Amino acid sequence: MQTEEHRIPLPEIFWSFETGQPMGHCSVCGCDLMEGCLDYQIEKAFKDGETIFEAAVCTRCQFEVFSELSEKSREQITRYFTRRISMHERTSECLERFGTDHRKWIAHCLIKGYPLEECGEYQLYGYCSGGELVFNGAPHILSGEVIEEITDLLSAASLGVLGKLSDRLFGIDAPKDLLII
């Protein structure tokens, strides 16, 4: 599914709000994401139209963080998504209906279906390679309600892992209810 026609130059909504440019380095390890040797995920959280946080995390670091979560938390997250959506089917349907118009892919919450305009809080996700957005189930948004549901599934140990990561990436004043995976 990741052929060249399913990629576009990274849209500005995925750029850093601080610099007005694409995020060039992994927020965790600092590797150069524009070299194209590592794919990465961009996560941005919004509340009432304001960017709360943003991060670009290479697949290696994303895997490491996910593997640090408790086995039960990983199973709960996987079960949560697999019971609600097939990313393979979503990719096929969205490519057929919307092509690579990223705005249509992120117009509704992936799980709840709420229109973006009705989501006071949400997180935006995009899978990237070099300076391109790859259409592979992402891009998508998750409403604040979904983030809370997922957070409620996590063990105390897993919440601690994510809290430490949040502190490291965003400082000690970072909100603790943000889901960074």
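The values are calculated or read from the model by the stated rules, or taken from the named source; none is laboratory data. Worth saying up front: this structure is predicted, and the values here are computed from it rather than measured. Cβ coordinates were reconstructed from backbone atoms using ideal geometry, including for glycine residues, and neighbour counts include every protein chain displayed.
Whether any residue in region 109-128 is of a type in the set (A, V, I, L, M), free of Cβ contacts under 8 Å to residues at least 60 places away in the same chain, surrounded by 17 or more Cβ atoms within 10 Å (Cβ to Cβ) and more than 22 Å from residue 7 (Cβ to Cβ) is what I want to check.
Applying the first criterion (of a type in the set (A, V, I, L, M)) to region 109-128 yields 110-111, 116, 124.
The next check asks that each one be free of Cβ contacts under 8 Å to residues at least 60 places away in the same chain; those that pass are 110-111, 116.
Checking the rest, the ones that are also surrounded by 17 or more Cβ atoms within 10 Å (Cβ to Cβ) come to 110-111.
Going one step further and asking which of them are more than 22 Å from residue 7 (Cβ to Cβ), we end up with 111.
Yes; the residues of region 109-128 include at least one that is of a type in the set (A, V, I, L, M), free of Cβ contacts under 8 Å to residues at least 60 places away in the same chain, surrounded by 17 or more Cβ atoms within 10 Å (Cβ to Cβ) and more than 22 Å from residue 7 (Cβ to Cβ).
Taking region 131-181 as the search range and keeping residues that are assigned to a helix (DSSP H, G or I) and of a type in the set (Val, Ile, Thr), which one is modelled with the lowest pLDDT?
At the first step, the residues of region 131-181 found to be assigned to a helix (DSSP H, G or I) are 144-153, 156-170.
Next, only the ones that are of a type in the set (Val, Ile, Thr) stay: 146-147, 150-151, 161.
Working: 146: 95, 147: 93, 150: 93, 151: 91, 161: 88.
Ranking the candidates gives 161 first.
Rundown of residues vs (1) at pLDDT below 95; (2) surrounded by 17 or more Cβ atoms within 10 Å (Cβ to Cβ); (3) farther than 19 Å from residue 167 by Cα, yes/no style:
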| residue | (1), (2), (3) |
| --- | --- |
| 14 | no, yes, yes |
| 27 | yes, yes, no |
| 35 | yes, no, yes |
| 48 | yes, no, yes |
| 62 | yes, yes, no |
| 66 | yes, no, no |
| 75 | no, no, yes |
| 97 | no, no, yes |
| 105 | no, yes, yes |
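Scanning region 100-130 for residues that are in a loop (DSSP other than H, G, I, E, B), in contact with a strand residue (DSSP E or B) (Cβ under 6 Å, 6 or more places away or on another chain) and closer than 23 Å to residue 23 by Cα turns up 100, 106.
Whenever a residue of region 88-101 is in contact (Cβ under 8 Å) with a residue 24 or more places away in the chain and closer than 12 Å to residue 6 by Cβ, its partners that are in a helix (DSSP H, G or I) and not acidic (Asp, Glu), lying with C-beta atoms within less than 7 angstrom and at least six residues away or across chains, give the pairs 94/105; 95/6; 100/6.
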